[in-house]
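Inspection log for the structure reproduced underneath, given as structure tokens.
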Amino acid sequence: MIIALLTDFGLQDSYVGVMKGVITALSPTTQLIDLTHDLPPQDLYAARFTLLSVYPYMPPGTVYLVVVDPGVGTQRRAVAVQAAEGILVGPDNGVLSGFWQSDRLGNQAILKAVELTNRDYWRSPHPSTTFHGRDIFAPVAAHLANGVPMDDLGARIDPQSLISLPLQNPIATATGWTGAVQYIDRFGNAATTIPASAVTDKDWTVTVGDRTLPGGQTYGYVPSRQGLALVGSHGFVELAVNQGSAQQQFGLAVGDRVELILHSSPAPCDPA
């Protein structure tokens, strides 16, 4: 069995190591994969997108342990969610919601969900109020890897009640698509919610704010420091600057509205 870990803990402190220790003590043969521990602190949107973008490359049945949890110790729920591609474990704060928000999967991907209320599967019945990753989520993930049924972990909850992050889904228009920026990586590239399937053989552009960017195949499609739109390796339309940062150059932020326009003939673009 595989447990894939995704956190904002960084590697300077012992948080990741102690979670791995808890898992290994309960499930010594489980393989651990570090997706990343370098997410921006408390960035729920970054966790959501990272989880959504990595699942196609993971073995079926993987347990995804996601701990980006600014509400730790409050009344927010701790949950496990059975999806067609694996089991998600983490706080019910939106970090898991890419699995049911994205057109890539759709709501049918969620088979069932439980709230983690059975303390028999926690590290201690009296967990730390500031480290549920160690005391609740890590041991639960280990028990799931050992084959413990989800229904033993707590009461079932309605999947429709799971928290989703507010983000505009892609919408088809008369001239193309509208969507929103959903993630910005460390290079300043901005992934949108518009899927790769929206791009056709026609010429296309993407407008964000007062900028219109040409559609291209890769970063080198335009000269250095110029902007463009392309299909990123994650499978979504992306805004980028060749050898630069689209975030800085265009002042982009998660949630910004974008519009993809399909043209029957080449369309002029603003220099970027």
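Tabulated data for the structure shown
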item	result
Check on GLN243, surrounded by fewer than 18 Cβ atoms within 10 Å (Cβ to Cβ), modelled with pLDDT of 95 or more and not small (Gly, Ala, Ser)	yes
Test: residue in the range 216-232 that is within 23 Å of SER264 (Cβ to Cβ), assigned by TED's automatic domain parsing to the domain that holds THR175, part of a loop (DSSP other than H, G, I, E, B) and charged (D, E, K, R)	no
Selected residue (criterion: nearest to PHE49 (Cα to Cα)) from residues of the range 219-246 that are of a type in the set (S, T, N, Q) and within 23 Å of the chain's Cα centre (by Cα)	SER233
Residue, modelled with the lowest pLDDT, within the range 142-164, restricted to residues that are assigned to a loop (DSSP other than H, G, I, E, B) and in contact with a helix residue (DSSP H, G or I) (Cβ under 6 Å, 6 or more places away or on another chain)	SER164
Residues of the range 214-239 that turn out to be surrounded by fewer than 23 Cβ atoms within 10 Å (Cβ to Cβ) and touching a helix residue (DSSP H, G or I) at 6+ places or on another chain (Cβ under 6 Å), as a count	3
Residues that are aromatic (Phe, Trp, Tyr) and at pLDDT below 90, drawn from the range 93-141	PHE99, TRP100
Among the candidates ASP13, ASP34, residue that is in contact (Cβ under 8 Å) with a residue 12 or more places away in the chain and of a type in the set (Asp, Glu)	ASP34
Those residues of the range 177-222 which are on the phi > 0 side of the Ramachandran plot and modelled with pLDDT of 95 or more, in sequence order	GLY188
Qualifying positions in the range 71-89 - farther than 25 Å from MET58 by Cβ and surrounded by fewer than 18 Cβ atoms within 10 Å (Cβ to Cβ)	GLY71, GLY73, THR74, GLN75, ARG76
Out of ALA109, ALA138, ALA84, ALA142, sole residue that is touching a strand residue (DSSP E or B) at 6+ places or on another chain (Cβ under 6 Å), on the phi < 0 side of the Ramachandran plot and not charged (D, E, K, R)	ALA109
Sole exception among (1) in contact with a Ser or Thr (Cβ under 7 Å, 6 or more places away or on another chain); (2) under 23 Å from THR192 (Cα atoms); (3) buried (at least 23 other Cβ atoms within 10 Å of the Cβ) for PHE49, by number	(1)
Residue satisfying condition, being at pLDDT 95 or above and either touching a Pro at 6+ places or on another chain (Cβ under 7 Å) or not assigned by TED's automatic domain parsing to the domain that holds TYR64 (or both), within set ASP38, ASP34, ASP8	ASP8
Among the residues listed as ARG156, ARG186, ARG211, the single one being among the basic types (Lys, Arg), surrounded by fewer than 22 Cβ atoms within 10 Å (Cβ to Cβ), outside the structural domain of ASP120 (by TED's automatic domain parsing) and in contact with a strand residue (DSSP E or B) (Cβ under 8 Å, 6 or more places away or on another chain)	ARG211
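The values are calculated or read from the model by the stated rules, or taken from the named source; none is laboratory data. Note that this is a predicted model, so its numbers are computed, not measured. When we count neighbours, we look across all protein chains shown, and the Cβ atoms used for this are built from the backbone with ideal geometry, even at glycine.
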